[in-house]
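S.K.: Can you read through this structure? Questions will come right after.
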Amino acid sequence: MKSNCDCAREMIGGSDGPWRKPFEPTGVNTTPQLDWGTHMSVIQVGLTDRTHKLDPQLVQQAAAALNIQVLRDLPQYWNVHATVRYLPESTQIPAGVWPVYLVGKLPDGMGGVHLDKRNQPYALVESVPGDDGWTLDASHETLEMLVDPSGNRLRTSFAIGIDANGKIHDTSGQFEYLVEACDPCEGSQYAYSIQGIAVSDFITPHFYDPKPTSGTRYSFAGNIPGPRQVLKGGYISFVDPQGQEWEQILYLGDKPQLKKLGPVEGASLRAIIDGVTYGPVREFRKGNPNLENPNFGEWCKLHRKKIHGVTLGRGKSLDDELLAGGLGPHG
Ligand SMILES: [Zn+2]
């Protein structure tokens, strides 16, 4: 089902697109412009390993999986048109490409999506060789960067609170929520696999619906049971429009907890909010690997191995056909 929600298009950097100036016959216009009215330009995301320590084949496979996620899954709910590709050199970033850098240990406050000096987004994702958990984070940051490139998108809905049993519930007030597509369902137990690469579940625009309706999905993979529900390992950030104080509900222990962040100002609200949240959330995940899905990482690895076997078989079979057709081995 497609959503008619507003979208991130206003931020997209024109790169590839249809070159035609509207309202003028072909040939009159010598300075082509993007026709924003009838065509959509494509955002290009580039995944690159700045540590030079990760398995390049895995980084390429992850880029291919993220490409499928942003082409096949994300547009089912969010009006985003994007591709993801592998960038082999982290010092070579083509103009118009929004990079997702895989980096080593990040200083405090540096994880997540940022804006560069010209206010173009890029993301930093911690990665450790031998631990494939970074694919989930790369998916998280890629999706959030595409759904809200500037990190300032707010959605208004019912306010929420935590009751005595630790359950999140709607209240009669109203909050403005920072649209962070993966935060409420970011725990590794909610990841799903694309070709053996673990990617993040993400909320749909129905997450902000006034109340639940039957058959509605609140997250793509169906993990979130109703509007504004935060799952274990996840969080949500919001502000009461009557005040300046930002708050979060973090679900990093047995029960969700409210945390006051104080006033938040800057070019990107998310960059500041992620600055104080990126570390603790990942620490929680490290301490509780695969809460409810302990074998998922191993299953992904095995699946990739099987895919590789199929790939070799298919390559050989096609090559045999070419040889039988008369092509030499190097022709
Ligand atoms: Zn996030």
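S.K.: Using label points projected 7 Å from each Cα along Cα→Cβ, tell me how many nm separate Leu106 and Asn288, to one decimal.
M.R.: Reported label-point gap for Leu106 and Asn288 is 2.0 nm.
S.K.: Towards the positive end of the charge dipole of the chain, with charges on Cβ (+1 Lys, Arg; -1 Asp, Glu), say which of Gln57, Gly331, Tyr251 has the farthest Cα.
M.R.: Gly331
S.K.: Hey, can you rank 217-227, 168-178, 295-305, 186-196 by average C-beta count inside 10 Å, highest first?
M.R.: Numbers: 217-227: 18.5, 168-178: 15.9, 295-305: 14.3, 186-196: 20.9.
Ranked from most to least packed, the peptides come out as 186-196, 217-227, 168-178, 295-305.
S.K.: Work out, in µm²/s and without decimals, the Stokes-Einstein translational diffusion coefficient of segment 52-101 at 20 °C, 1.002 mPa s, Rh from Kirkwood over C-alpha pairs.
M.R.: Values: Rh = 12.0 Å.
My calculation gives 179 µm²/s for D.
S.K.: For Gly187, which sequence-distant residues (separation of 5 or more, or a different chain) have an amide H within less than 5 Å of its own amide H, given hydrogens modelled in the peptide plane?
M.R.: Residues meeting the criterion, in which the H sits 1.01 Å from N, are Gly234.
S.K.: Follow-up. Give the span of segment 142-183's Cα atoms along each principal axis, as three whole-Å numbers ordered largest to smallest.
M.R.: Computed over segment 142-183, the largest-to-smallest principal extents equal 36, 19, 9 Å.
S.K.: Quick one: putting +1 on the C-beta of Lys and Arg, -1 on the C-beta of Asp and Glu, what dipole do you get for segment 135-219 around its Cα centre, in Debye to the nearest 20? Mind showing how you got there, number by number?
M.R.: Details: 5 positive and 12 negative charges, 61 e Å.
Using only the charged Cβ atoms, the result is roughly 300 debye.
S.K.: Still on this structure, I have one more. Using the alpha carbon gyration tensor of segment 162-262, what are the three equivalent-ellipsoid semi-axes (square root of 5 times each eigenvalue), largest first, in whole Å?
M.R.: Numbers: eigenvalues 109, 49, 35 Å².
Over the Cα atoms of segment 162-262, the ellipsoid semi-axes are 23, 16, 13 Å.
S.K.: Explain nothing, just the number: relative contact order of the chain, from Cα pairs under 8 Å at least 6 residues apart, as a whole percent. Let's see the in-between values first.
M.R.: Values: 622 pairs, mean separation 45.0, N = 331.
Relative CO of the chain lands at 14 percent.
S.K.: Then there is this: What helices in the chain pass both tests, a Cα length along the helix axis of 15 Å or more and a mean Kyte hydropathy of 1.0 or higher, using whole DSSP H runs? Display every interim value, and only then the final one.
M.R.: Details: long enough: 56-68 (18 Å, 0.61); 134-147 (20 Å, 0.18); 269-287 (28 Å, -0.18); 296-324 (42 Å, -0.49).
Counting only whole DSSP H runs, no helix qualifies.
S.K.: Starting from the exponent 0.38 and prefactor 2.2 Å, build the expected Rg for segment 84-212 from its residue count and divide its actual Cα Rg by it.
M.R.: Working it through for segment 84-212, the quotient is 1.21.
S.K.: Next question. Ignoring everything except DSSP H segments at least 4 long, calculate the 222 nm mean residue ellipticity for the chain; use -39,500 (n - 2.57) per segment, divide by total residues, nearest 500. All intermediate terms of the calculation are to be shown ahead of the outcome.
M.R.: Working: 4 runs with 75 residues, N = 331.
Here the helix-only value at 222 nm equals -7500 deg cm²/dmol.
S.K.: Quick check: pseudo-label points 7 Å beyond the Cα along Cα→Cβ at Arg72 and Thr51, how many nm apart are they?
M.R.: About 2.7 nm separates the two model spin labels.
S.K.: Among Glu126, Glu247, Glu321, determine the one that fluctuates most according to a GNM of the chain built with springs between C-alpha atoms less than 10 Å apart.
M.R.: It is Glu321.
S.K.: Using C-alpha positions alone, give me the convex hull volume of segment 226-318 per residue in cubic angstrom. Walk me through the intermediate numbers first.
M.R.: Values: hull volume 17.0 nm³, N = 93.
Considering the Cα atoms of segment 226-318, their hull volume per residue is 183 Å³.
S.K.: Right, another one. Please find the FRET efficiency linking Val310 to Asp116, where r is the Cβ-Cβ separation and R0 is fixed at 56 Å, and quote it to the nearest 0.05.
M.R.: Details: r = 40 Å, r/R0 = 0.72.
That gives a FRET efficiency of 0.90.
S.K.: Compute the Kirkwood hydrodynamic radius of segment 281-331, taking the inverse of the mean of 1/r over all pairs of distinct Cα atoms, and give it in Å to one decimal.
M.R.: Values: mean 1/r = 0.0703 Å⁻¹.
Taking the inverse mean of 1/r over all distinct Cα pairs, segment 281-331 comes out at 14.2 Å.
S.K.: Compute the signed sum of charges (Lys and Arg +1, Asp and Glu -1) over the other residues within less than 12 Å, Cβ to Cβ, of Asn67. Don't jump to the answer; show the numbers that get you there.
M.R.: Details: positive: Arg72, Arg85; negative: Asp73.
Spelling it out: positives minus negatives among the neighbours equals +1.
S.K.: Using unit Cβ charges (K, R positive; D, E negative) and no other charged atoms, how large, in debye to the nearest 20, is the dipole of segment 191-331 about its Cα centre?
M.R.: In debye, rounded to 20, segment 191-331 gives about 340.
S.K.: Separate question: For segment 95-149, just run the numbers: alpha carbon Rg, then divide by 2.2 N^0.38 Å, N being how many residues it has.
M.R.: On the way: Rg = 11.3 Å, N = 55, 2.2 N^0.38 = 10.1 Å.
Relative to the 2.2 N^0.38 Å estimate, segment 95-149 comes out at 1.12.
S.K.: Kirkwood Rh over Cα pairs of the chain into Stokes-Einstein at 25 °C, 0.890 mPa s: D in µm²/s?
M.R.: 115
S.K.: Can you find, among Pro210, Phe158, Thr142, the residue sitting farthest towards the positive end of the charge dipole of the chain, where Lys and Arg contribute +1 and Asp and Glu -1 at Cβ?
M.R.: Thr142
Readers should treat all values here as calculations from the given coordinates under stated rules, not as data from a laboratory. A quick note: this is a predicted structure, and the numbers were derived from the prediction, not measured. Glycine also receives a Cβ, built like all others from the backbone with ideal geometry; neighbour counts cover every protein chain displayed.
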